[in-house]
Amino acid sequence: MVSYHFFTRHNGVSTGTHSSLNVSHGTGDDPDNIEKNRSRIRRWVGAQRLLSAHQIHSDRVYVDNGEIDHSQDVDGFDALISDQPGTALMIQQADCQAVLLSDPVNPAIAAVHNGWRGSVVNIIAATIEQMQNHFGTDPVHLQARISPSLGPCCSEFVNHEKELPADFRRFQVRDNHFDFWQISAEQLRGAGLHPESIHLSDVCTSCSKDYFSYRRAVREGSPQCGRHASVIFLGVDG
């Protein structure tokens, strides 16, 4: 059994700009509050382990073998894959996408931190390749869910000619604005997923105050903010 969980910023213990379900140690929040928030998520999901990463906007994929416990982040990765029953994989985000993948045939899961830099290096394809190599995943069986994240309404890139590949211009919706939801959907299709297996949340984190948003925080003059969580859980039944 696989379950997907897109948490809002609510129902945690953090205060101030981190209010309240902040899960990131890199935001200046009280470490005890972060651990309490993470423990809540692990209990709500029903997981024995909650694995996360110190994310660096790379295309590096961590292959979970069950040795790391839930009290530490693996350092320097932006995707996590696992076939360990009872394990939940967590992405920390404040506008970036979480792309959650599950293989129901050879039970395995993945959680991808996919900001614009991740899209440029196609971390989605790198993650699926690692699932093929380690778990025997056939991409045609994969199910994908793209979390609440920065929508085309707010994805403004004034330096896109330097930052984004020319191919991304097909997804430009108006001046300097790009639809990264559709970019991810195309990258998933390119990696072998069926279109009907790709599910978008269609919720913009910059527009909705139910989520942490770095862009909204900068716009409001306070760039410090927390990170909410997206989680995929592989139950003991597979």
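The values are calculated or read from the model by the stated rules, or taken from the named source; none is laboratory data. Computed from a predicted model, the values in this text were never measured in an experiment. Cβ atoms come from the backbone with ideal geometry, glycine included; neighbour counts cover every protein chain shown.
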Would you be able to say whether some residue in the stretch 218-232 is at pLDDT below 95, under 18 Å from Trp116 (Cα atoms) and either out of contact with any strand residue (DSSP E or B) (no Cβ under 8 Å at 6 or more places or on another chain) or surrounded by fewer than 20 Cβ atoms within 10 Å (Cβ to Cβ) (or both)? yes
- prompt: Does the stretch 192-203 contain at least one residue that is touching a residue at least 24 places away in the same chain (Cβ under 8 Å), within 20 Å of the chain's Cα centre (by Cα), more than 20 Å from Leu100 (Cα to Cα) and surrounded by fewer than 21 Cβ atoms within 10 Å (Cβ to Cβ)?
  reply: no
If we keep only residues of the stretch 123-141 that are in contact with a Gly (Cβ under 8 Å, 6 or more places away or on another chain) and surrounded by 17 or more Cβ atoms within 10 Å (Cβ to Cβ), then the residue nearest to Ala110 (Cα to Cα) is Ile128
Of the residues in the stretch 142-160 that are within 20 Å of the chain's Cα centre (by Cα) and among the polar types (S, T, N, Q), the one that is surrounded by the most Cβ atoms within 10 Å (Cβ to Cβ) is Ser149
Just one listed residue, out of Val120, Val99, Val112, is of a type in the set (A, V, I, L, M), under 25 Å from Pro165 (Cβ atoms) and touching a Phe, Trp or Tyr at 6+ places or on another chain (Cβ under 9 Å), and it is Val120
Across the stretch 48-72, the tally of residues that are buried (at least 18 other Cβ atoms within 10 Å of the Cβ), charged (D, E, K, R) and farther than 21 Å from Ala125 by Cα stands at 1
Within the stretch 29-47, residues being touching a strand residue (DSSP E or B) at 6+ places or on another chain (Cβ under 9 Å) and surrounded by 15 or more Cβ atoms within 10 Å (Cβ to Cβ) number 6
Asn22 vs (1) polar (S, T, N, Q); (2) under 25 Å from Gln143 (Cα atoms); (3) touching a helix residue (DSSP H, G or I) at 6+ places or on another chain (Cβ under 8 Å): all pass except (2)
**Asked** For Leu80, are the conditions met, namely being modelled with pLDDT of 95 or more and closer than 17 Å to Val23 by Cα?
**Response** yes
Considering the stretch 73-92, residues that are free of Cβ contacts under 8 Å to residues at least 40 places away in the same chain and farther than 20 Å from Phe7 by Cα, and then whichever is surrounded by the fewest Cβ atoms within 10 Å (Cβ to Cβ), we arrive at Asp75
Report yes if some residue within the stretch 107-122 is surrounded by fewer than 22 Cβ atoms within 10 Å (Cβ to Cβ) and more than 23 Å from Ala191 (Cβ to Cβ); otherwise report no. no
